[in-house]
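Trainee: Can you read through this structure? Questions will come right after.
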Amino acid sequence: MNECGFVRNQFLSSYFLIKEPNGKNRFILNLKKLNSFILVSHFKLEDYRTVLNFLSRDCFIAKLYLQDAYFLLPIDKKYRKYLKFKFANKLCELWYTFRVKHSPVYFHKVNEKSR
């Protein structure tokens, strides 16, 4: 996330903090209102069997937790106006897809194109 300026037709969301078991607070941008405007088409998420089809002899593999993978998918600047919130009287925006309704579909399509 980063500080930003006002943009016409921006969408402001609220946020809250959740206390994690380790004592740290986790930032949650409340996108419930924004998500009500987003239509998501049905898709099939792959599982371990799909991964096995990609593997070949002497193939290297890494483990990636999906909760972290969303941070690797940036939002185009023209769409960041929908992921804004105010913090300490400053306007901020997110630049990744986490907690947006279509995030799993977006992540799935990126994976499909990388094959």
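The values are calculated or read from the model by the stated rules, or taken from the named source; none is laboratory data. On a predicted model such as this, the values are computed, not experimentally measured, just so you know. Glycine gets a Cβ as well: all are built from the backbone with ideal geometry, and neighbour counts include every protein chain shown.
Trainee: Restricting the first residue to the stretch 9-35 and requiring it to be free of Cβ contacts under 8 Å to residues at least 60 places away in the same chain, which pairs with a second residue that is of a type in the set (D, E, K, R) and part of a loop (DSSP other than H, G, I, E, B) meet a Cβ separation below 9 Å and a spacing of at least six or different chains?
Mentor: Listed pairs, sorted by first residue: R26/E20; N30/R99.
Trainee: Tell me yes or no: at least one residue of the stretch 34-41 is within 20 Å of the chain's Cα centre (by Cα), in a strand (DSSP E or B) and among the hydroxyl-bearing types (S, T, Y).
Mentor: Of the residues in the stretch 34-41, the ones within 20 Å of the chain's Cα centre (by Cα) are 34-41.
Now drop any that are not in a strand (DSSP E or B), which leaves none.
No, the stretch 34-41 contains no residue that is within 20 Å of the chain's Cα centre (by Cα), in a strand (DSSP E or B) and among the hydroxyl-bearing types (S, T, Y).
Trainee: How many residues does the stretch 1-37 hold that are basic (K, R) and under 15 Å from E93 (Cα atoms)? Can you show your working first?
Mentor: Quick first cut of the stretch 1-37, residues basic (K, R) only: 8, 19, 24, 26, 32-33.
Restricting the remaining residues to those that are under 15 Å from E93 (Cα atoms) gives 8.
Adding up the residues that qualify gives 1.
Trainee: Assess whether E3 counts as being among the charged types (D, E, K, R) and either over 22 Å from P74 (Cα atoms) or free of Cβ contacts under 8 Å to residues at least 24 places away in the same chain (or both).
Mentor: Numbers: among the charged types (D, E, K, R): yes; either over 22 Å from P74 (Cα atoms) or free of Cβ contacts under 8 Å to residues at least 24 places away in the same chain (or both): no.
So E3 does not fit the description; no.
Trainee: Checking the structure you have, find out if any residue of the stretch 61-79 is modelled with pLDDT under 75, in contact with a strand residue (DSSP E or B) (Cβ under 7 Å, 6 or more places away or on another chain), at negative phi and part of a helix (DSSP H, G or I). Quick ask: steps written out before the conclusion?
Mentor: First, pick out the residues of the stretch 61-79 that are modelled with pLDDT under 75: 61-73.
Checking which are in contact with a strand residue (DSSP E or B) (Cβ under 7 Å, 6 or more places away or on another chain) leaves us with 70-71, 73.
Narrowing further to those that are at negative phi: 70-71, 73.
Those still in the list that are part of a helix (DSSP H, G or I) too: 70-71.
The answer is yes; a qualifying residue exists.
Trainee: To continue, here is another question. Can you tell me which residue is surrounded by the most Cβ atoms within 10 Å (Cβ to Cβ) among those in the stretch 4-60 that are among the acidic types (D, E) and at pLDDT below 90? Working first, answer last.
Mentor: The initial filter retains those residues of the stretch 4-60 that are among the acidic types (D, E), namely 20, 46-47, 58.
From the residues that got through so far, the ones that are at pLDDT below 90 too are 46-47, 58.
Working: E46: 13, D47: 8, D58: 5.
Step by step, filter the stretch 4-60, then rank; the result is E46.
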